[in-house]
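The values are calculated or read from the model by the stated rules, or taken from the named source; none is laboratory data. Just so it is clear, the model here is predicted, and its values are computed rather than measured. Please note: Cβ atoms are built from the backbone with ideal geometry, for glycine as well, and neighbour counts cover all protein chains shown.
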Amino acid sequence: MPATNVSLRMLSDQDVLQQLRALRQKQPVKFTAFYSSQLGGIVTDPALMVIPFDDHMVHRGHGIFDTAGIVNGKIYDLDAHLDRFLKSAERSKLKLPGMREEMRDIIIKTTAASGRRDGSIRYWLSSGPGNLDLTPVAGADPGFFVMIFAGLVYPEKWKTDGVRVMTTTYPIKPPLYAITKTTNYMPNVLMQMEAKEKGFDNGVFIDHDGHVGESSNMNVAFVSQDDVLVHPKFDHILSGCTSMRLLELARKLVKSGQLKDVKVTDITLRDALAAKEMLLIGSSVKVAGIVQWNEHKIGNGKPGPIASALLALLEEDMRSGDRLIDVPY
Ligand SMILES: Cc1ncc(COP(=O)(O)O)c(C=O)c1O
């Protein structure tokens with residue numbers, strides 16, 4: 001091996017802080033408040049939004065997370081997201097840092113401290129620090145973290161022109177890991193990178209039986225030629241809180257005659273490609289019409305009427321529905 005002359009500094013506490021701040025200057029972030037059970041409170045300086053390297057969420061991926069939205073100064077559908085968070089914790093054998101009500105209260109108070117009236121709340125549960133083994137350290141306190149941030153932003157043309165997706169070449173997660181919102185998103189990350197490299201907006205997983213799964217951080221759904229809204233079953237994909245809510249709200253479109261029915265069922269790629277409309281659904285994207293899958297045009301190649309009707313129903317629910325929580329700013 002050739003000799004190199006890398007010079008390494010020994011850093012003081014001040015050097016570390018300075019370096020953390022320099023990193024944030026290089027890559028500005030829109031993080032407005034961060035709660036950490038390990039720090040014992042809330043920080044607003046992004047340089048201080050850190051987690052110890054030996055936390056098993058960092059080096060073993062033993063952690064879970066969830067994300068809820070802040071809309072016009074209220075938190076939308078937090079209880080559905082918290083229910084899913086607790087189910088993910090149980091499946092991952094993670095201890096809780098306290099009662100559900102305490103975690104809920106911390107989420108609401110961190111949102112208030114941030115002052116942010118529109119954006120996202122992402123929160124994590126980790127198995128805690130203590131060593132570099134696999135199983136949690138005896139007596140380790142689980143870590144609970146809450147980040148208030150601007151939220152994910154997608155290009156405006158996703159709304160106006162629709163989204164183009166491809167079947168990913170990456171294998172879908174086995175059902176247990178797909179239904180659990182763990183911090184291991186490697187397949188989802190690789191799928192999105194692959195799609196972008198190939199000139200698409202996103203990818204879609206197909207399962208081993210040839211059934212449509214989900215996208216990177218969004219669910220997919222279809223409007224069949226006979227006007228039925230069809231959604232893949234939730235036994236091999238994440239139970240999207242947005243999809244769950246929309247499956248209820250879509251009943252209004254059945255009443256008004258825009259849809260014939262709403263069904264959750266296995267969907268083959270062939271059925272998917274024959275759809276009148278295809279939708280991407282999730283807390284960050286809300287509802288977007290998919291207009292192309294691989295080389296196939298979906299419907300007439302434009303976002304369809306059910307996509308806009310569902311988006312309108314969701315936006316109304318976010319503005320004035322019964323799933324809003326007041327934030328004590
Ligand atoms: C893999 C995956 N599928 C679907 C979704 C959509 O879920 P939600 O509607 O709760 O945002 C998400 C986002 O959390 C996700 O990460």
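Points to keep in mind about this one:
- Among the numbered conditions (1) among the polar types (S, T, N, Q); (2) in contact with a helix residue (DSSP H, G or I) (Cβ under 9 Å, 6 or more places away or on another chain); (3) assigned to a strand (DSSP E or B), the only one that GLN292 does not meet is (2).
- Single condition LEU96 does not satisfy, out of (1) without any contact (Cβ under 8 Å) to a residue 60 or more places away in the chain; (2) buried (at least 21 other Cβ atoms within 10 Å of the Cβ); (3) over 29 Å from PHE222 (Cα atoms); (4) not basic (Lys, Arg): (2)
- Residue in segment 173-183 that is crowded, with 16+ Cβ neighbours inside 10 Å, over 14 Å from the mean Cα position of the chain (by Cα) and among the aliphatic types (A, V, I, L, M) present: no
- Filter result for ASP54 (under 28 Å from GLN19 (Cα atoms), among the acidic types (Asp, Glu), surrounded by fewer than 19 Cβ atoms within 10 Å (Cβ to Cβ) and in contact (Cβ under 8 Å) with a residue 24 or more places away in the chain): yes
- The lone exception for LEU11 - which of (1) out of contact with any helix residue (DSSP H, G or I) (no Cβ under 6 Å at 6 or more places or on another chain); (2) surrounded by 13 or more Cβ atoms within 10 Å (Cβ to Cβ); (3) of a type in the set (A, V, I, L, M, F, W, C) it fails: (2)
- Selection count, segment 212-246, where residues are more than 15 Å from the ligand (Cβ to nearest atom) and part of a strand (DSSP E or B): 5
- Some residue of segment 304-317 being more than 13 Å from the ligand (Cβ to nearest atom) and at positive phi: no
- Checked against the criteria, SER36 counts as over 16 Å from the mean Cα position of the chain (by Cα) and hydroxyl-bearing (Ser, Thr, Tyr).
- Among the residues examined, LEU246 does not qualify as more than 17 Å from ALA288 (Cα to Cα) and at pLDDT 95 or above.
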